[in-house]
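The values are calculated or read from the model by the stated rules, or taken from the named source; none is laboratory data. Only a predicted model underlies this, so the values are computations on that prediction, with no experimental measurement involved. No Cβ is skipped: glycine too gets one built from the backbone with ideal geometry, and neighbour counts run over all protein chains shown. Surface accessibility is based on the protein's heavy atoms, side chains included, excluding ligands, DNA and RNA. Shrake-Rupley method; radii C 1.70, N 1.55, O 1.52, S 1.80 Å.
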Amino acid sequence: ALKSECPALNYADFAILYPIHAIGEQLETKLLSAKIPCQLVKRQGIFDQDDVKKMILLLTLIQNPDDDVALEQYVALELNNPAIMQRVNEMKRPGRAFKQTLSAAMWREDVPGMSKGQFSRVVSTCFGTISNLISHVEQNPGASLETLVNDICNLTQLTHSASLHGRAQSLRDP
């Protein structure tokens, strides 16, 4: 119908903007099933952003400080150096928690990509951040998720903390 009203328009003349990443995938499916050509231009979804990953990992570690997987993922994001994480993972021993492996690695001279002092500072900062957040939650047991997200932004050095403030409700699985 549109083609008969505006013959000069092509599909390439249109764009559909949407507020939530998951909507784009649904729109693409519907358009393609209607034989309407489309191109989904993906930006990073909110859960793909490092700051959001860190936020979720910190929330996980606040709830369960013994979660080795969350700790390893959080430290990997903070270090931002796969070679260092590979070396640390080579130091893992059966029956030893990842936190113990990190503590042992802090004394090693053969961690690639940064000095022993730099590595120790990053790991110590990770441990300190988690401990401070756990203490903060214990002192504020009735805090809402939104308050907790804002507090994490205030207590950590997330690059995009200003954009995360007040967005706890959008940190949900679409």
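General observations
- Qualifying residue in the stretch 124-140 (condition: assigned to a loop (DSSP other than H, G, I, E, B), at pLDDT below 90 and either among the aliphatic types (A, V, I, L, M) or more than 22 Å from Asp48 (Cα to Cα) (or both)): yes
- Filter result (outside any helix (DSSP H, G or I) and not basic (Lys, Arg)) within the stretch 38-51: Cys38, Gln39, Leu40, Val41, Gln44, Gly45, Gln49
- None of Pro65, Pro19 is modelled with pLDDT under 80 and either within 30 Å of Glu146 (Cβ to Cβ) or open to solvent by less than 50 Å² (accessible area, probe 1.4 Å) (or both) except Pro19.
- Every pair of residues 6+ apart whose Cβ atoms lie under 7 Å, when the first sits in the stretch 51-65 and is closer than 17 Å to Ala143 by Cβ and hydroxyl-bearing (Ser, Thr, Tyr) while the second is open to solvent by less than 10 Å² (accessible area, probe 1.4 Å) and assigned to a helix (DSSP H, G or I): Thr60/Ala70
- Of the residues making up the stretch 105-123, those that are within 18 Å of Gln73 (Cα to Cα) and surrounded by fewer than 15 Cβ atoms within 10 Å (Cβ to Cβ) number 1.
- Residue check for Cys126: touching a residue at least 12 places away in the same chain (Cβ under 8 Å), surrounded by 13 or more Cβ atoms within 10 Å (Cβ to Cβ) and closer than 30 Å to Ile16 by Cβ: no
- Single residue of the stretch 74-96 satisfying the filter (touching a Leu at 6+ places or on another chain (Cβ under 8 Å) and among the β-branched types (Val, Ile, Thr)) that is surrounded by the fewest Cβ atoms within 10 Å (Cβ to Cβ): Val75
- Checklist (1) buried (at least 17 other Cβ atoms within 10 Å of the Cβ); (2) over 23 Å from the mean Cα position of the chain (by Cα) applied to Lys99, failing item: (2)
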